[in-house]
Amino acid sequence: MTDATQPTDATQPTGAQSPITLRSSENGEAATGNFWREIGGRPTFEKLVRAFYVGVADDEVLRPLYPEEDLEGAIQRLTGFLEQYWGGPGTYSEQRGHPRLRMRHQPFKVNPDARDRWLKHMRAALDGIELAPLQDAMLWGYLERAAFAMVNTFDE
C-alpha cells in the first residue's frame with residue numbers, strides 16, 4: 001500500500017504526492033468493485049423502478065406528475081439514471097445530457113409530503129429486490145439524500 005509520507009514522484013510538480021491506495025486486496029492490488037454489476041445490472045434496477053411506479057400508480061399526490069402517455073418514458077429515464085450513477089452504461093447522459101436533477105424537477109411541486117411519498121414507494125420497491133444489507137443501505141442512503149435534495153417548496 002502506498003503511504004502518504006513517501007517522497008513525491010520526480011515527475012510530479014513539487015509538493016505533489018503519489019496517489020494513495022486506500023484499500024487493497026490480499027494480492028496487493030487495489031480492491032475495486034462496480035455496484036451496478038454487483039447487484040445484477042439493468043434487470044435489478046429495472047425491477048426496482050417498475051416496482052416503484054406500481055406504488056406511484058395509486059398515489060393521489062405523485063401520480064398526477066406522470067402523464068400516462070409518458071409513464072414508460074419515466075420508467076426508462078429513472079432506470080437509466082440510476083444505472084449510470086451506480087456504474088452502469090452512460091446511456092442516460094448520452095441521450096439526455098447532464099442529469100441536472102434539481103433543474104429537471106423544478107417545474108414540479110416537490111414538497112416534504114411528495115418527498116415522503118416518493119421515499120415510501122421507493123422503500124417498498126427496494127425491499128422487494130432483497131439486496132444484501134450493505135448494498136441495501138448504500139442504495140437507500142443515496143435515494144434518501146437525493147429525495148431530500150429535490151424538495152423545492154414547503155407549500156402544501
> Considering only region 123-150, how many residues are outside any helix (DSSP H, G or I) and closer than 22 Å to VAL54 by Cα?
Replying inline: 2
> Is there a residue in region 93-104 that is in a helix (DSSP H, G or I), under 13 Å from the mean Cα position of the chain (by Cα) and exposed (fewer than 15 other Cβ atoms within 10 Å of the Cβ)?
Replying inline: yes
>> Checking the conditions here, which among LEU62, LEU131 is in contact with a helix residue (DSSP H, G or I) (Cβ under 9 Å, 6 or more places away or on another chain), of a type in the set (A, V, I, L, M, F, W, C), surrounded by 18 or more Cβ atoms within 10 Å (Cβ to Cβ) and at pLDDT below 95?
In response: LEU62
>> Restricting to region 31-88, count the residues that are farther than 21 Å from GLU144 by Cβ, hydrophobic (A, V, I, L, M, F, W, C) and part of a loop (DSSP other than H, G, I, E, B).
In response: 1
> Can LEU82 be described as in contact with a Gly (Cβ under 9 Å, 6 or more places away or on another chain) and hydrophobic (A, V, I, L, M, F, W, C)?
Replying inline: yes
> How about region 64-88: which of its residues are under 17 Å from the mean Cα position of the chain (by Cα) and in contact (Cβ under 8 Å) with a residue 24 or more places away in the chain?
Replying inline: ILE75, LEU78, THR79, LEU82, GLU83, TYR85, TRP86, GLY87, GLY88
> Is one or more of the residues making up region 10-31 at pLDDT 70 or above and of a type outside the set (Val, Ile, Thr)?
Replying inline: no
> Is it the case that some residue within region 36-58 is at pLDDT below 90 and either β-branched (Val, Ile, Thr) or within 22 Å of LEU126 (Cβ to Cβ) (or both)?
Replying inline: no
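The values are calculated or read from the model by the stated rules, or taken from the named source; none is laboratory data. Remember, it's a predicted structure, so these values are computed and weren't measured experimentally. Don't worry about glycine lacking a Cβ; one is built from the backbone with ideal geometry, like all the others, and counts go over all protein chains shown.
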